[in-house]
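Here the structure comes first, spelled out in structure tokens, and everything after it is commentary.
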Amino acid sequence: MKVAVKDANIFIDLESMGLLDLWFQLGIETFTSSFVVMELENGGHLNALACIHAGQAVEAVITGEEMAGAFADFLEEFLESGMSDADLSVLYLAIREQAILLSGDRLLRNTGKAKGLEVRGTLWIMDRLVAGKLLKPKVAADRLDALMRRTGREQRFLPKGDCEDRIRKWKRG
């Protein structure tokens, strides 16, 4: 399987549901950027950081100059669109590694698709965990339901209809 490049929200979703270890059991080589690691550090996401520091995900150190060179023709457009350095770094990494881009950020997902990348998110990961029998369907339903009920700073922004469909399906077994 191609390597996967994760942005911070994918790590946060999996960490929030207690599914990080199961993701790494899928055997998909996972890259992220040093910019994403900084976001995780600033947010206090210790479990996600522990996985990265343990080598379960490869932290690619990407400089601003490297990204600026790669996106020279598009950089101003990307920055004006509201993409963060972390977003640009995982977009660059996915292109460089010819990898799946894992993100829940709409702007990043749309930009990745426009650049010809395969783009997936948290629900795709959960589908793979259930299909691979690493996660029981009813447990997946409970974890996703709990994630969808978070509010305030911990609120996650997944597509409600898709989540509800999976929760119903997985509860049926």
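Structure data summary
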| quantity | calculated |
| --- | --- |
| The stretch 16-37: number of residues that are over 13 Å from the mean Cα position of the chain (by Cα) and closer than 16 Å to Leu91 by Cα | 2 |
| Tally of residues being within 18 Å of Thr111 (Cβ to Cβ) and in a loop (DSSP other than H, G, I, E, B) across the stretch 1-15 | 1 |
| Tally of residues being over 15 Å from Asp21 (Cα atoms) and either free of Cβ contacts under 8 Å to residues at least 24 places away in the same chain or buried (at least 18 other Cβ atoms within 10 Å of the Cβ) (or both) across the stretch 32-57 | 10 |
| Filtered residues of the stretch 1-24 (kept if at pLDDT 90 or above, open to solvent by 40 Å² or more (accessible area, probe 1.4 Å) and either over 21 Å from Leu147 (Cα atoms) or of a type in the set (Asp, Glu) (or both)) | Asp21 |
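The values are calculated or read from the model by the stated rules, or taken from the named source; none is laboratory data. What you see is a predicted model, and the numbers here were worked out from it, not measured in a lab. Glycine gets a Cβ as well: all are built from the backbone with ideal geometry, and neighbour counts include every protein chain shown. Just the protein is used for accessible areas: all its heavy atoms, side chains included, with ligands, DNA and RNA removed. Shrake-Rupley method; radii C 1.70, N 1.55, O 1.52, S 1.80 Å.
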